[in-house]
Amino acid sequence: MTAEDGEVPATTQTTTQHVLHNKADCPSRSGRYSANPVSLLKPRPSALQRLLSTLAVLEQREGKLNHGSLSAITAAKSLGGPVHGFVAGSNIKPVAEEAAKVDGVEKILAVDNAAYDKGLPESYAPLLVENIKKGGYTHVIVGHTSFGKSVMPRVAALLDSQQISDITAIENENTFVRPIYAGNAIATVESTDATKIITIRGTAFAAAEVANGSAAIEDGVDPKAELNAEWVSEDLAKSDRPDLATAGKVVSGGRGLKSKEEFDKIMLPLADSIGAAVGASRAAVDSGYADNSLQVGQTGKVVAPQLYMAVGISGAIQHLAGMKDSKVIAAINKDPDAPIFQVADVGLVGDLFEKVPELTEKLKSS
Ligand SMILES: Cc1cc2nc3c(=O)[nH]c(=O)nc-3n(C[C@H](O)[C@H](O)[C@H](O)COP(=O)(O)OP(=O)(O)OC[C@H]3O[C@@H](n4cnc5c(N)ncnc54)[C@H](O)[C@@H]3O)c2cc1C
């Protein structure tokens, strides 16, 4: 077993200080620890006696600000100190103007260059590094998204910092909380790096609202680094249903659906009856029942909707890692001993091929 599998090894080696909490000791489903582990740590002076300031990196797609990425501003604000936002891409002005309306942001750095449209790590990392160095930021925060996961390790390496990934809470400017081993343990990590490169779990920090702020907009530095990678194409799954990562309701199907035809026949009407996004287990994705952009779990998306309905999903630890923080979990499974029922608030034991169409009809007529 490896850490990827969710097994906690006997020892871990990192340069940050870890306080590990076994999930079994955690009282809540979310695994948050009630004791204050930080009080066990000696407070340490900041590695550099610099004034704290944070750069929140915001994502855009085709000239539209990704509102989910505004979680980075919420996290940045909780650190205290000035918060600057960063955006880059072609025709970036409207994106910068929208981001400037978020309350509590002092400045938006904008770089207008089509080379950054797709967020290629090869060009975006040197771009960020130049801007981080110029601004002298102590913290850089971005969402733990595909973009954040591909760009920030390069940024961290270029700055000789250790990335602090997928955090769910900020204890203080040096100390952060992050789930590890598929959420089996919660680590409190302390970093002494001069510049802390952080990715945040979007479900743990609400997106900051675009409101009445009036941040200054300034041109960022553009190193115009020579590109050794080229954007060729992308194949995006299009759907009129809500976005899985941010939907308030999610209905997910598993291997119990048996085929793609049955998945579509059973799950899509259920989703539409309550305006939910569709998700899937990895087994369903691997079996070709659903697109892999719909995968929920450790190696898929992490979601925390108001309602998560798991249909024909056993509840493996790697699946739970992606949905256990949902407010209400409902499960339909024919096996009363399926592990999903251990985290479910509402459970229905029965054959999904009979129960789900019945439920969909009732929801449609209600
Ligand atoms: C490194 C690693 C990463 C992983 N990442 C992920 C991840 O991100 N997401 C993820 O989901 N998994 C992930 N997995 C896989 C995970 O371990 C499980 O294999 C997977 O979640 C199982 O999917 P499932 O519950 O759909 O299938 P199964 O475990 O096969 O469960 C199917 C369920 O359907 C029920 N069922 C069958 N027929 C019916 C019926 N007619 N009516 C009602 N119920 C029925 C069964 O009782 C069963 O509980 C990962 C595994 C590894 C090793």
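Quick notes
- Restricting ASP243, ASP272 to those that are part of a loop (DSSP other than H, G, I, E, B), of a type in the set (D, E, K, R) and away from the ligand (no atom under 14 Å from the Cβ) reduces the list to ASP243.
- Residue match in segment 280-297 (condition: in contact with a Lys or Arg (Cβ under 9 Å, 6 or more places away or on another chain), farther than 23 Å from ARG241 by Cα and in a loop (DSSP other than H, G, I, E, B)): no
- Residue ID - farthest from PRO179 (Cα to Cα), chosen from residues in segment 298-332 that are assigned to a strand (DSSP E or B) and in contact with a helix residue (DSSP H, G or I) (Cβ under 6 Å, 6 or more places away or on another chain): ILE332
- Scope segment 349-362; condition surrounded by fewer than 19 Cβ atoms within 10 Å (Cβ to Cβ) and either within 9 Å of the ligand (Cβ to nearest atom) or at pLDDT below 95 (or both); matching residues: VAL349, GLY350, ASP351, PHE353, GLU354, LYS355
- Verdict on GLN306 being within 12 Å of the ligand (Cβ to nearest atom) and surrounded by fewer than 23 Cβ atoms within 10 Å (Cβ to Cβ): no
- Criterion applied to LYS249, LYS260 was being surrounded by fewer than 18 Cβ atoms within 10 Å (Cβ to Cβ) and within 14 Å of the ligand (Cβ to nearest atom), and the one residue passing it is LYS260.
The values are calculated or read from the model by the stated rules, or taken from the named source; none is laboratory data. Please read all numbers here as calculations on a predicted model, not as lab measurements. So basically every Cβ, Gly included, is an ideal-geometry build from the backbone, and we count neighbours across all protein chains shown.
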